[in-house]
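**Student:** Attaching a single structure in structure tokens format; questions to follow.
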Amino acid sequence: MKLWTLFAFTASIGMGDCSMLDKAVCYVNGWLQSYRYRLGVSQKYLQWCSKTTNASWWHAYAIKHRPWRPHVCVPCEWITQMVPSSAHVFEVGCGSGANLLWLQQRGFQRLGGSDIAVSAIEMCDLLAKYYKTRINTIVDDALNPRFRPEKVDVLLSVNWLYHIPGASLEDLFKIYGECVKPKGYMAFDCISSKYNAMPNNKNHTADVRLPMEKRRPSEYTFRMTTGEVERCISRYGYKISKKRELRTFPPRNVFIAQRYC
């Protein structure tokens, strides 16, 4: 689709359907930034990895469409701007390792991660071999971990916590806050509380065309204002260093918080 067509489509939507407008804006931005955020792995190898490990289709999808997922791309780019490539970066809920591999391609070597899915970690290992590298990943439940990294420069957590029923941002900082060095960083995303004012926000996004009685609860289990985020992380000795509101659906905010004590 040509860029002009995309802009025309965006303009034709108007403000009557913010979710459609946000999706269009996100698509345009991803198209413009694709050269920066893509992984570059061949689709043939990606499909082979997915089939070999029996990993969820979502992992291959997330890698292929990474440029259109700014809630993962922006925090990773901030990491490259705020710490040297010698920094120790650990990602909880790393999935098949797309973010860690992107950082590796930019010179980072001290990389690690955990995920609860065995197949996702196996897929990460195969993708690392594609780039002739190795990432220290383990299978672990991030909310009830057997292993916690020590003295990391950056702890990354994106696109998983708010999908877990009963989980909260406080859980992340309670479990991992002290894993980060003083003056180190936590990079994370949150669903914005603005989503609470949008139609069908209490329902699963895949079910919006179903009768109300057949719809599942929303997959976005908690949403927060920036003020709520600030108050939460301050209890664990952190303050916001960077924040960006993303024009996505649902609306998200991304943050980097620095540990000050």
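Read-outs: derived from the displayed coordinates by stated rules, not from any lab. Source: prediction; values computed, not measured. Cβ: placed from backbone, ideal geometry, glycine included. Neighbour counts: every protein chain shown.
**Student:** At a Förster distance of 22 Å, what's the computed FRET efficiency of Ser85 paired with Glu219, Cβ-Cβ distance as r, to 0.05? Write out the running numbers ahead of the final one.
**Tutor:** On the way: r = 35 Å, r/R0 = 1.58.
Efficiency computed from Cβ-Cβ geometry: 0.05.
**Student:** What whole-number distance in Å separates the alpha-carbon centres of segment 207-256 and segment 85-102?
**Tutor:** Each part reduced to its Cα centre gives a spacing of 22 Å.
**Student:** What is the extension gain from Glu170 to Ser56, computed as 0.36 nm multiplied by their sequence separation minus the C-alpha to C-alpha distance, in nm to one decimal?
**Tutor:** Extra length available between Glu170 and Ser56 comes to 38.2 nm.
**Student:** Here's another thing I want to ask about it. Within segment 148-205, which GluC sites (Glu not before Pro) sit in a loop by DSSP and count at most 13 neighbouring Cβ atoms inside 10 Å?
**Tutor:** Glu150
**Student:** Also, quick follow-up: Between Thr226 and His204, what length in nm is gained on full extension when 0.36 nm per residue of separation is reduced by their alpha carbon distance?
**Tutor:** Working: separation 22, 0.36 × 22 = 7.92 nm, distance 2.38 nm.
Taking 0.36 nm per residue and subtracting the Cα distance, the gain is 5.5 nm.
**Student:** While we're on this one: State whether segment 41-259 is rounded, prolate or oblate according to the following rule on the C-alpha gyration tensor (a ≥ b ≥ c being the square roots of its eigenvalues): a/c under 1.5 gives rounded; otherwise a/b larger than b/c gives prolate, and the remaining case gives oblate.
**Tutor:** oblate
**Student:** Mean residue ellipticity at 222 nm from the helices of the chain, using -39,500 (n - 2.57) per DSSP H segment of n ≥ 4 over the full residue count, to the nearest 500 deg cm²/dmol?
**Tutor:** It comes out at -11500 deg cm²/dmol, rounded to the nearest 500.
**Student:** Once Lys and Arg get +1 and Asp and Glu get -1 on their Cβ, which of Thr133, Trp68, Phe255 lies farthest toward the positive end of the dipole of segment 41-259?
**Tutor:** Selected residue: Trp68.
**Student:** Given a Förster distance of 30 angstrom, what is the FRET efficiency for Ala197 paired with Ser241, based on the Cβ-Cβ distance and rounded to 0.05?
**Tutor:** About 0.60, to the nearest 0.05.
**Student:** Right, something else. To the nearest 20 debye, what charge dipole does segment 97-242 have about its Cα centre, counting +1 at the Cβ of each Lys and Arg and -1 at the Cβ of each Asp and Glu?
**Tutor:** 380
**Student:** When DSSP assigns beta bridges and you keep just the ones with both residues in the chain, what percent turn out antiparallel, to the nearest 5?
**Tutor:** Around 50 percent of the beta bridges assigned by DSSP in the chain are antiparallel ones.
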